[in-house]
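Contents: one structure, followed by commentary.
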Protein chains: 2
Amino acid sequence: MTTAGTARETTTRTGPGAARQHTLRERNLELVARAVYEVPEPLSRAGVAAATGLARATVSTLVDQLVAAGLVRELPAVTGGRAGRPAVPLVPAPRSVVGLGLEVNVDYLGARVLDLTGDVVVEQVVPGSFHDSDPTAVLGRLGALAREVSDGVAAEGMTVAGARLALPGLVDPRTGLLEVAPNLGWSSLEPVPLLGLGDLDVRVANEAKLAALAELAGGSDVAAPDSFIFVSGDVGIGAAIVVDRELFLGERGWNGEIGHVVVDPAGPRCSCGAFGCLEQYAGKEAIMRAAGLPADAPLDSLVAHLAEGAALPDAGRALGSALADFVNLLDVGTIVLGGAYTELLPWLRADVEAVLDDRVLAAPFVDLQVRAAQAGPQAALTGGAREVLQGVLADPSAWV
Amino acid sequence: MTTAGTARETTTRTGPGAARQHTLRERNLELVARAVYEVPEPLSRAGVAAATGLARATVSTLVDQLVAAGLVRELPAVTGGRAGRPAVPLVPAPRSVVGLGLEVNVDYLGARVLDLTGDVVVEQVVPGSFHDSDPTAVLGRLGALAREVSDGVAAEGMTVAGARLALPGLVDPRTGLLEVAPNLGWSSLEPVPLLGLGDLDVRVANEAKLAALAELAGGSDVAAPDSFIFVSGDVGIGAAIVVDRELFLGERGWNGEIGHVVVDPAGPRCSCGAFGCLEQYAGKEAIMRAAGLPADAPLDSLVAHLAEGAALPDAGRALGSALADFVNLLDVGTIVLGGAYTELLPWLRADVEAVLDDRVLAAPFVDLQVRAAQAGPQAALTGGAREVLQGVLADPSAWV
DNA sequence: GCGTAATAGTTCAGTCGTACAACTAATGCG
DNA sequence: CGCATTAGTTGTACGACTGAACTATTACGC
């Protein structure tokens with residue numbers, strides 16, 4: 001298994017590092033790599049120079065390094081209708097360096113490999129029921145799946161840059177510890193070693209946080225906003241905060257617990273001990289019950305029910321109220337609804353937007369937007385793999 | 001008036017700037033300046049080299065530049081008990097480059113000048129009543145005060161690096177526009193030109209945000225935390241989010257509106273139109289009424305009343321509830337209470353902490369702290385001046 | 001009192017990375 | 001077929017950091 005684990009280190013950008021000559025090179029390598037990666041139409045070396053402000057000579061040497069490292073590929077020179085020597089288009093290298101997204105959730109586990117172009121190279125998703133499961137067994141199984149997938153892409157010459165393990169619970173990305181994952185019935189354990197993936201650089205993260213990152217992947221028709229609140233509605237309701245295309249994690253990454261914002265202290269008791277949490281109005285089970293369906297009914301049955309004219313006023317207003325608090329506290333005006341909410345949005349939107357307009361103080365001055373998540377199913381797998389690749393992009397010098 | 005206005009520009013650190021040779025110099029100048037500034041005991045050139053990892057030769061030239069620019073001063077060489085050539089201690093230069101903090105609030109306006117050592121060089125605070133006041137007149141008056149103060153320090157050879165104008169309302173630091181300041185009765189205006197301060201670099205900011213920055217000024221007995229939620233309780237309740245010693249502003253700086261987090265939708269109607277906002281329980285007027293005092297009674301009378309055995313259970317629990325939402329959404333575990341809350345903390349703490357422990361999901365795994373603000377009165381003046389000086393520190397090359 | 005060790009600070013050649021300008025390469029057009 | 005045009009490369013100059021050698025200044029022991 002060709003992996004590059006130990007060498008991966010996040011670059012200290014504003015940190016206490018002294019800047020030397022090679023710091024320039026690292027910084028400009030990143031700049032050039034981002035220019036190649038984050039542009040709709042492929043750029044030539046000259047185009048990159050214009051876009052970055054670097055001299056053409058400098059760009060040439062930098063691009064050559066990126067090509068040699070396998071991070072950038074040259075397309076055949078395109079002799080367009082314009083005069084002059086034809087430009088060599090530069091594009092992200094497909095199937096070279098890849099990121100691995102892993103996830104254990106209540107009803108499935110899976111692994112997904114993305115390459116630098118954003119393509120899914122391979123994926124394996126196994127449905128199951130992992131409510132109150134045994135972490136050692138489940139993570140061992142996911143580890144085996146990951147090895148299988150990883151060995152497969154390695155056999156085709158790709159390099160796995162690292163992996164992210166998404167879990168639905170309180171995890172600290174810094175220490176790698178899982179404090180508690182209520183819906184899995186897991187607590188106080190270190191998940192990464194249980195995967196048995198050797199020296200591959202695997203980091204844990206909260207599922208909703210990584211799902212939010214998947215929204216940035218682009219490729220969809222609607223451009224992803226740079227800053228948004230991502231809310232993932234399921235049995236529990238989790239959220240993530242993205243500002244300037246980066247996750248805002250607070251001190252330990254334990255933020256976005258919008259499911260337990262109080263909507264009405266006179267409301268029903270919540271599993272967390274408080275009364276009237278959002279989850280009691282807009283959690284999947286509450287929504288099902290309100291619609292007269294069994295708590296564990298599939299989402300499709302609810303959608304069918306709603307299509308016949310039913311409504312979700314309580315859930316919509318409660319969600320709007322909690323989101324209004326969120327926006328008032330954070331000033332992030334775009335809200336992306338994921339998980340079950342994506343499909344339910346048509347029946348939630350009016351109530352959510354009405355409450356937001358009423359309750360957000362800045363509403364008269366801001367264009368508040370509520371939109372559906374664009375990333376497909378198991379978004380955390382995509383987001384995790386994407387985060388790995390973002391790390392490559394942030395420090396290409398480690399690959400040169 | 002010796003000012004340096006137009007030249008001030010925030011350095012694009014991670015931004016799309018190409019890194020050149022002089023970028024290294026700028027970065028390392030900042031590094032050296034911070035090493036000199038953010039250390040309890042003065043460092044020598046050799047000490048700075050050890051602290052930063054730069055070569056002694058490099059540090060020498062950088063320090064020489066900072067000394068020439070008047071940002072750093074050399075103390076007489078101290079011939080301590082140690083062998084070897086005595087070290088020259090380097091300290092922030094007093095009374096050289098200074099920052100100007102300005103503020104209009106409901107009951108006062110003022111100007112305060114801080115130098116790089118954190119000392120207050122001069123200040124002028126004028127009590128008054130600016131409820132429903134005329135912005136042109138009031139800002140004109142503050143501008144005159146600012147010129148007076150500014151000319152005074154300039155006459156003593158100091159350079160005013162810039163100014164911050166703190167206002168109690170929705171302001172956008174980027175555009176310099178004030179949308180609305182309810183307690184002043186101001187709306188939709190551009191405050192800076194009304195000050196008439198010529199080409200001095202003046203930026204606006206929300207009062208609570210700048211007051212939060214004052215907490216970082218140090219000098220107090222208790223070390224300021226790097227990340228905290230600052231809540232300023234007065235007629236209105238505002239908050240600021242500080243993460244890693246920097247303000248988190250969201251998209252426009254309109255965050256921290258904790259006063260309008262819903263505590264109980266069955267509660268009293270709020271001026272914002274909603275029901276049961278925190279302000280209706282823990283705003284100054286609500287607290288006064290609950291204590292049986294007139295809504296505009298001075299804080300001292302309330303404290304006297306409480307000292308005789310009265311309590312603030314509603315306010316404490318409501319504040320705890322809103323803060324629990326805040327912490328659940330943000331994961332910032334230290335809460336600093338400012339404004340009127342600083343003095344009221346003894347009667348609020350038990351209720352606030354009890355509700356936080358109950359309602360914050362991560363409470364079992366985190367040491368939640370509630371503490372009183374350390375900065376003195378008119379903290380926004382100090383915070384504003386401090387932010388100006390932080391800007392100098394972040395880009396000393398502009399002064400070389 | 002003086003030599004030695006120790007520490008601070010400076011000087012200078014070496015190296016590295018970028019800029020600029022001149023050059024080569026490859027195309028379209030008249 | 002030559003010229004204008006654009007892409008990419010080569011070579012020199014310059015700026016900034018490093019490391020080692022050097023100077024400056026003290027403490028300490030004999």
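Between B and A, buried accessible area from a 1.4 angstrom probe totals roughly 4800 Å², ignoring ligands, DNA and RNA. The P(r) of the stretch A:185-230 has a tail past 13 Å containing 69 percent of all C-alpha pairs. Of the residues making up the stretch B:324-344, those losing 20 Å² or more of accessible area when the isolated chain is joined by the remaining protein chains, with a 1.4 Å probe, are B:325, B:326, B:328, B:329, B:330, B:331.
Among residues other than residue A:155 with Cβ under 13 Å from its Cβ, the summed charge is -1 (Lys and Arg +1, Asp and Glu -1). Histogrammed with a bin width of 5 Å, the alpha carbon distances of the stretch A:21-94 distribute as 3, 17, 29, 27, 15, 6, 2, 1, 0 percent, first bin at zero.
Measure off, as a whole percent, the carbon and sulfur share of the 1.4 Å-probe accessible area of the stretch B:26-92, all protein chains present. Exposed carbon and sulfur together represent 56 percent of the surface.
Each residue of the stretch A:161-168 was assigned a 3J(HN,Hα) from its phi angle through the Karplus curve 6.51 cos²θ - 1.76 cosθ + 1.60 (θ = phi - 60°); the sequence is 6, x, 9, 10, 9, 8, 9, x Hz, with glycine and proline shown as x. Near residue B:96, once Lys and Arg are set to +1 and Asp and Glu to -1 for all other residues with Cβ below 12 Å from its Cβ, the sum equals -1. For the stretch A:105-259, taking the reciprocal of the average inverse distance between every pair of different Cα atoms yields a Kirkwood hydrodynamic radius of 16.4 Å. Overall, the accessible surface of the stretch A:225-372 at a probe of 1.4 angstrom is composed of carbon and sulfur to the extent of 49 percent.
Using equal-weight Cα scatterers in the Debye expression, the normalised intensity of the stretch A:352-398 in log10 at q = 0.14, 0.21, 0.30 Å⁻¹ is -0.63, -0.74, -1.04. Distance from the alpha carbon centroid of the stretch B:15-92 to that of the stretch A:131-195 works out to 46 angstrom.
Over all directions, the projected convex hull of the C-alpha atoms in chain A averages 22.6 nm² in area. By the scheme Lys and Arg +1, Asp and Glu -1, what is the net charge of all other residues having a beta-carbon under 10 Å from that of residue A:299? That works out to -2. Here the stretch A:303-364 and the stretch B:240-308 have alpha carbon centers that stand 26 Å from each other. Kindly provide log₁₀ I(q)/I(0) values, in the same order as q = 0.13, 0.17 Å⁻¹, from the Debye equation applied to equal alpha-carbon scatterers of the stretch A:225-372. For the stretch A:225-372, the Cα-only Debye profile gives -0.55, -0.94.
Residues of the stretch A:20-42 buried by at least 30 Å² of accessible area upon assembly of all protein chains, compared with the chain on its own (1.4 Å probe): A:20, A:21, A:24, A:27, A:31. Per-residue Cβ counts within 10 Å, from other chains only, averaged over B:257-267: what number is that? Counting other chains' Cβ atoms within 10 Å and averaging over B:257-267 gives 6.
For the stretch A:46-85, heavy-atom accessible area (probe 1.4 Å) falls by no less than 10 Å² from the chain alone to the full protein assembly at A:52, A:53, A:54. Residues of the stretch B:299-340 falling in the label zone of residue B:358, defined by backbone nitrogen less than 14 Å from a point 7 Å along Cα to beta-carbon, are B:313-325.
Between residue A:202 and A:163, the built amide H atoms are under 5 Å apart, and every one of these is 5 or more places off in sequence or on another chain.
Between the Cα long axis of helix A:56-68 and the first principal axis of chain A there is an angle of about 70°, rounded to the nearest 10.
Taking GluC sites (Glu not before Pro) across the stretch B:86-183, the ones in a DSSP loop with at most 14 further Cβ atoms lying within 10 angstrom of their Cβ are B:156. An ellipsoid equivalent to the protein assembly as shown, defined through the eigenvalues of its Cα gyration tensor, has semi-axes of 43, 39, 24 Å when rounded to whole angstrom and sorted largest first. Of the trypsin sites (Lys or Arg not before Pro) found in the stretch A:245-285, the ones in coil according to DSSP and having at most 15 other Cβ atoms within 10 Å of their Cβ are A:245. Heavy atoms of the protein chains alone define the surface here; on that basis chain A has 40 Å² accessible area per residue at 1.4 Å probe size.
The values are calculated or read from the model by the stated rules, or taken from the named source; none is laboratory data. Worth saying up front: this structure is predicted, and the values here are computed from it rather than measured. As a convention, Cβ positions derive from the backbone with ideal geometry for all residues, glycine included, and neighbour counts pool all protein chains shown. In case anyone asks, the SASA skips ligands and DNA or RNA and just uses the protein heavy atoms, side chains included. Shrake-Rupley method; radii C 1.70, N 1.55, O 1.52, S 1.80 Å.
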